[in-house]
Amino acid sequence: MVSPFGTCRKCSGAGAKLTVNRAGKVKRVKPCRRCKGHGKRLRVGRRLHNHSREIHRAGAR
């Protein structure tokens, strides 16, 4: 079975990014901007499916 979600490519599914200062120490952990800290993303096929359903619903009204 295929899942509509995949791991985030930016944070590799961690949901966060470590920021490092010049001395090489970990400064803080920021949530990933691309996945908003969830670590998952919608796959292309699901995004197309959602968009086509939205168009169909708008046309049926």
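Out of S52, S12, S3, I need the residue that is out of contact with any strand residue (DSSP E or B) (no Cβ under 8 Å at 6 or more places or on another chain), modelled with pLDDT of 90 or more and among the polar types (S, T, N, Q). Which one? Reasoning before the result, please.
Numbers: S12 fails: modelled with pLDDT of 90 or more; S3 fails: modelled with pLDDT of 90 or more.
Selected residue: S52, the only one of S52, S12, S3 that is out of contact with any strand residue (DSSP E or B) (no Cβ under 8 Å at 6 or more places or on another chain), modelled with pLDDT of 90 or more and among the polar types (S, T, N, Q).
Identify the single condition in (1) assigned to a helix (DSSP H, G or I); (2) open to solvent by less than 100 Å² (accessible area, probe 1.4 Å) that R57 does not satisfy, given that it satisfies every other one.
Just one mismatch for R57, condition (2).
Being over 9 Å from the mean Cα position of the chain (by Cα) and of a type outside the set (G, A, S): is that true of H38 here? First the steps, then the outcome.
On the way: over 9 Å from the mean Cα position of the chain (by Cα): no; of a type outside the set (G, A, S): yes.
Answer is no for this residue.
The values are calculated or read from the model by the stated rules, or taken from the named source; none is laboratory data. Remember, it's a predicted structure, so these values are computed and weren't measured experimentally. No Cβ is skipped: glycine too gets one built from the backbone with ideal geometry, and neighbour counts run over all protein chains shown. Surface accessibility is based on the protein's heavy atoms, side chains included, excluding ligands, DNA and RNA. Shrake-Rupley method; radii C 1.70, N 1.55, O 1.52, S 1.80 Å.
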